[in-house]
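The values are calculated or read from the model by the stated rules, or taken from the named source; none is laboratory data. This structure is a prediction, so every number in the text was calculated from the model and none was measured. Glycine also receives a Cβ, built like all others from the backbone with ideal geometry; neighbour counts cover every protein chain displayed.
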Amino acid sequence: MKFIKFLLSLSALLGLVYILNKPIPIQTPTPEDPTKTKETLIPPIGPFVSPFTGFWQNAESLSDFVPQKLEVPEMKGKVKILFDERMVPHIFAENLEDAAYAQGYVTAKFRLFQMELASRASGGRLAEIVGPDALENDKLKRRQGILVGAERAAAAWKESKEVSAIMDAYTAGINKYISELSPRQYPVEFKLMGFKPELWNTYKSALVKKYMDQTLCFGEDDLESSNALKILGADTFKRLYPELNPKQSPVIPTGTPWNFKASKPAEKPAVQEAIGLIRHKVYEKERGVLGSNNWAVAGSKTLSGKPILANDPHLKLTLPSIWFELQIHTPEANFYGVSVPGVPGVLIGFNEHYAWGETNVGQDVNDWYQISWTDQAKTSYQYDGSVKKAKIVIDSIKVRGMEKAVMDTVRWTEWGPIVYDSNESGWHDLAMHWIGHEAPNPDELLTFVGLAQGKNHGDYKQALTQYDFPAQNFVFAAKDGDIAITPNGKFPIKNKEQGRFVQDGSSSKNGWAGFIPRDQVPTTKNPKRGFVSSANQHSTDPSYPYYYNSPYFDHYRGRYLNKRLSEMDSITAEDFMKLQNDNFSLHASEGLPAMLAQVDTTQLSAVQKPIFDKLKAWDFRFDKDKVEPVIFTNWWDKFYEMTFDEVMVWKDSIPILMPEKWRVVELTANSPSDIIFDDKKTPERESAKQIATASFLATLKDLSTELVKPDFAWATYRKFSIMHLARIPAFSRMDLPVGGYGQALNAIAGGNGPSWRMIVELGDEIKAYGLFPGGQSGNPGSPFYATDLDKWVKGEYNELYFMKNAEDKRKPTLFSIDIN
Amino acid sequence: MKKFGLQTLIILVLGSIAQYFFPFWSIAVVAALVGFFFKYENSAASFAAGTAAVTLLWSSYAGFLNSANANQLADQIGVLFKVGSGYLVPATGLIGGLLGGFGAQTGTLLRKLFEKEEAVA
């Protein structure tokens, strides 16, 4: 009897422990589509709720930050890290390597989950922690050659003595933090998802770098363009998709002379190959991601008489942010700015002499080639009149919850990897040729060392020569009065229209003819107009002797920015804060009047007419509490779709290029009777008039229930949210009251937006302002998790605390780490 | 009552130490040891004492961490699991309490296996 009682009690206890220790799958709505559910593993309850090991341990308070001392025998000198009231680390080191070690340590301390996730997502190792849902991502990364690109980058960095010393120190700093960590100190996401942080290495840093490459210089529309050309014919294609916008206002001012002879001018037009319709289902492309601005004005245009520089890179906004803020002080240099967790150094920032920043250049450096197989097993292909063997790489992908790893085969050709599974014919496939597959200059990361340690324009120019990709518009403004901008990077030499369409991969002649020499990369210094700027638009006017293209060039922000900068005078930092938060859209100001002019107002009812009049009176600002932005954007979409019915019909079945916004505006304004406005479904011949009227009425019908809502406005309608990196809604900040628009300087749209707003006033004393939507800590339980989000929403700034030395006492120190 | 207080204290102290080094279930082992070495009249009393002690330990530690954090993380975890964040501290206490209760009871029943029938009577 006693024994049975004991056994019963013991089994109850063991059962309880077993249940509490076992992850239980539950059904939860997917964040992307709330109507669909997916099986989510919830963490084992016991370890997760135990206040000794679980999430309660991540509930952080200010009193947790007690001064820390570290012993690092392998470090050369001593390091002092002082954290200000926003938890920004100010690293005081005796040399750059020690500073990199400290940067690694503090970045891991605040952003470990982010680093782990970024390297896994980029390296195709997500399924290992989240299960079959991520298998497609993991396969795609292999097929896009991201892993190979990262391996080559890591290997290249090792060839540079300086870069590898910095990388090794940075990695050692991260691993020092990870190896000191006990499971109860793991970031809460590790506890939720039930996995452990891995030790860091250079390859992982290269994967993070590849993630940036993919975000910034991966974009192309080759398959889409080839299909559009095939379906619409050359004439219509040219009319709908012109490469040159007559209104363009390029980065390098129009009329800037080229003081060189192009090594190989782009004259010979690319051969149009009869490739036929391409029916691959293309991987999802991130559209409209880019909306970065940067500019600098000379002292002649400012109140202080010294230059001011501004930069707001637009990227996917997440919590935590892509950026981590810090200052580094060594005997060689004192600099401040933002870094990307996983990569050492400061990418955008300033030192005691000048400030620098970047926007994306976006030129197409990713081209597709059709491969003709010589055998059905696809082991060899035609190349320059002979048969070449493909390199077949078989890789295994671990998947959580599956016993066996999933195998995937990638075929590599001379051009690059075959990305898509075979089309119906079986004898042809498409190979991708991306600059990101190539080994970079081993010294590429020294660009940012050079920028951080430089003193003047000469140092800036020298630093840029080491930089390969993703190509960036590097803006510069110095205390000594110089301003400059350079669309900088490694640019392929192309024939006219080369790389716009899929090309024949059987001839090496269709490849890039080398790269543009660095002294022929366009740049401008102290232009007469007194400012330099970029907003992802064309780099140059058409007189630049090399051909380049991109489906992603901006056509509105850059023009508006240049117009504003020429008008402005006696500029202060506050003026630039307003400019960065400017919601005016040139797209609306040019598109809407053209559309309104076409509407047949006699067809409007007494309810519809006031809405028409309201739109007519709109100031084209996408402010959060206005209703016009909602009506305009909905009308625009409908008008666009109805206009391009002949392209839209193909959209669901094949990849096809959509015309650019500016061209649609131009056609509406200048050629309202163009055949493109004809609705193919009706026997009548429509013009812009019928399309504009019909789409306007349809829009009002669609919005009829919205229009009567008392809180109906741009912000409440579009519901802009900043999601947690793992898309956990509880850790995200939803429905933010923000304005902005993709074609406005304040380019908040579709989950993207100004990821770091920075303004630097040069002068004897540097004054800088900056802010990113988030906080320094990646821990949702930290007071520093979303610290600055409200300020960002309101368009406010922090004055950045640029410490002169470790004894600087102008602001309090919240926390400190002393090494050695 | 004095005995109850001493048992609670031992569970609090030993339990905290054990859980610092070992997984969450170590609290059940501590409770079982206390249940084994303290002579309970019956297993129900042992269960009650173990439950009370660990509920106190888990809920007060969680409550302390939570108040220092001004509910910030609890609010988000509450949203994640679709429970009011106010329930998280009591729920934590309850789960710990069950481990403590079953642990202590099992310890007591184990001891009774070695005790002679007459000694108890």
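In the range B:100-117, the qualifying residues are those that are of a type outside the set (Asp, Glu) and more than 7 Å from chain A (Cβ to nearest Cβ), and the one that is farthest from the chain's Cα centre (by Cα) is B:116. Quick one: would you say residue B:53 is over 30 Å from residue A:319 (Cα atoms), away from chain A (no Cβ under 11 Å) and in contact with a Ser or Thr (Cβ under 8 Å, 6 or more places away or on another chain)? Here the answer is yes, as residue B:53 does meet what is asked. Criterion applied to B:83, B:13, B:54 was being modelled with pLDDT of 90 or more and loosely packed, with under 14 Cβ neighbours inside 10 Å, and the one residue passing it is B:13. Pairing each residue of the range A:293-309 that is farther than 21 Å from residue A:747 by Cα with any residue that is of a type in the set (S, T, N, Q) and surrounded by fewer than 21 Cβ atoms within 10 Å (Cβ to Cβ), provided the two are 6+ apart or on different chains, yields C-beta distances under 6 Å for A:303/A:570; A:303/A:572.
Among the residues of the range A:694-711, is any β-branched (Val, Ile, Thr) and at pLDDT below 95? So far as the range A:694-711 goes, yes, one or more of its residues are β-branched (Val, Ile, Thr) and at pLDDT below 95. Of the residues making up the range A:527-548, none is among the charged types (D, E, K, R), assigned to a loop (DSSP other than H, G, I, E, B), within 22 Å of the chain's Cα centre (by Cα) and closer than 24 Å to residue A:222 by Cα. Would you call residue A:452 buried (at least 23 other Cβ atoms within 10 Å of the Cβ), at pLDDT 95 or above, assigned to a strand (DSSP E or B) and under 26 Å from the mean Cα position of the chain (by Cα)? So residue A:452 does not fit the description; no.
The single condition among (1) outside any helix (DSSP H, G or I); (2) in contact with a Leu (Cβ under 9 Å, 6 or more places away or on another chain) that residue A:651 does not satisfy is (2).
This table checks each residue for (1) within 10 Å of another protein chain (Cβ to nearest Cβ); (2) in a helix (DSSP H, G or I).
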{"position": "B:12", "(1), (2)": "no, yes"}
{"position": "B:18", "(1), (2)": "yes, yes"}
{"position": "B:30", "(1), (2)": "no, yes"}
{"position": "B:40", "(1), (2)": "no, no"}
{"position": "B:48", "(1), (2)": "no, yes"}
{"position": "B:66", "(1), (2)": "yes, yes"}
{"position": "B:78", "(1), (2)": "yes, yes"}
{"position": "B:89", "(1), (2)": "yes, yes"}
{"position": "B:98", "(1), (2)": "yes, yes"}
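A search for C-beta distances below 8 Å between a residue of the range A:482-509 that is without any contact (Cβ under 8 Å) to a residue 40 or more places away in the chain and any residue that is part of a strand (DSSP E or B), counting only pairs 6+ apart in sequence or on different chains, returns A:486/A:473; A:486/A:474; A:486/A:476; A:486/A:524. Listed by first and then second residue, the pairs with beta-carbon distance under 8 Å, at least 6 apart or on different chains, first residue in the range A:780-805 and exposed (fewer than 14 other Cβ atoms within 10 Å of the Cβ), second of a type in the set (Lys, Arg) and outside any helix (DSSP H, G or I), are A:799/A:767. Taking the listed residues A:141, A:158, the one that is in contact (Cβ under 8 Å) with a residue 12 or more places away in the chain, surrounded by fewer than 19 Cβ atoms within 10 Å (Cβ to Cβ) and among the basic types (Lys, Arg) is A:158, with no other qualifying.
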